[in-house]
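Report on the following structure.
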Amino acid sequence: MKTEQMNFDRIILHCDLNNFFASVECVLNPELKDKCIAVCGSEADRRGIVLAKNEKAKACGVVTAEPIWKARQKCPSLVTVPPHHSLYHEYSKKVQEIYYRFTDQVEPFSIDECYLDVTGSTALFGNGEQIAYSIKETVKEELGLTISAGVSFCKIFAKLGSDMKKPDAVTCITKENFREKVWGLSAGELMGVGRASFEKLKDYGICTIGDLAAADENLMQRLLGVNGVQLKQYANGIDDREVAKYGDYEAPKSIGHGMTTPADLTDNDSVWKVILSLSAEIGSRLWDECLSASGVCISIKDNMMKTVSYRQKLANPTQSPTVIANAAREVFCQKHKWQHGIRTVTVTAVDLVDSDCFCMPDMFGDYIKDEKHEKIDSVVDALRRKYGNDSVKNAVLIEDVGHEKHDEA
Ligand SMILES: [Mg+2]
């Protein structure tokens, strides 16, 4: 292995556990290791879908988000296992404990991904590439899991690097080699370029990350707003985002999304469209964090800048966007007294609990109906992840509301 000379201001790693859910299942049940396995939603009906798969299943063509029956057609020997979220949480924590041996700057990005800033660790552990290899080997030895690591001078390229070679690999992207290594890749590979944005960019001949780096700033602004300008900077390796320090990151107590609409909303129906869109994103975030919401809060800011909030307890903790959206609509329609047009709507999932927490179904809650929603939502969510946020929308959303979104976690 040739160690590349790295002349970094900062050394940032992005470590991504490979096929995380499926890998944990194999560690706990080594018999599965040599089989094609998929972690799947409920299989009782034909709507169950693949949530994660191991390399062997991947080699047979099994893909995330496809129905189990379809995966079985490609891979008749496929073994399916139900998800165990609390175990994934536990392993995620164990992996992070290993990361913390190398630096105190560890920032979880999702249950199976972390950014690490190891700039201050080189005296003890060697250069960035050597640290990445040490971490990778330690995780493999102690936990039986593999990771892909990207090593770079900024978050955006560290993240890109971890995707470039996997599983069980290290990719270094330096200030010297990033043009050669990165610019030839499809622009769709860059974090922040969703499918819809990518389609738009392609219409203007912006196909690769190199095209993005060279794109006219005004054009980017016009096509994708501030996000477009930022993407151009990212493609040039301009990314000052820091990696959070130890203790800075904690699991969110609530997860919310807000949207400011270009024109005032004046009726329940248009508010409903916004609620649906916001709830879809909240559902994805809850899934990422392995959390469920026990309550929903909807806040409204009217065109007189007055804000009101309504809160609703849920019968059962849920990750379901549909259940969250319905609760938000219900409480809004019950309590809101229309006086002025509405400018901003924020939906927040509150009273979050671990997804595996088994709560007694409320006798009066429509538990069965909720479960059905979960299945539909998980299909929608998986498709969104695969094809981008705009690929699957509730029918009512097809007509685009046009909006500016903001996080309120
Ligand atoms: Mg992963």
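Observations, loosely collected:
- Relative to the 2.2 N^0.38 Å rule of thumb, the range 125-232 has a C-alpha radius of gyration ratio of 1.23.
- Pairs from 35/136; 58/232; 94/159 whose Cα-Cα separation, in the structure shown, is over 26 Å: 58/232
- Set 165/200; 165/202; 93/202; 93/200 screened for pairs whose C-alpha atoms are more than 31 Å apart: 93/202; 93/200
- The value given for the range 187-345 is a Kirkwood hydrodynamic radius of 18.2 Å, derived from the mean inverse Cα-Cα separation.
- The shape of the range 19-118 can be summarised by an equivalent ellipsoid whose semi-axes, obtained from the alpha carbon gyration tensor, come to 29, 13, 12 Å from longest to shortest.
No value in this document is a laboratory result; all are computed from the given coordinates. The structure presented is a predicted model; accordingly, all values stated were derived computationally and were not measured.
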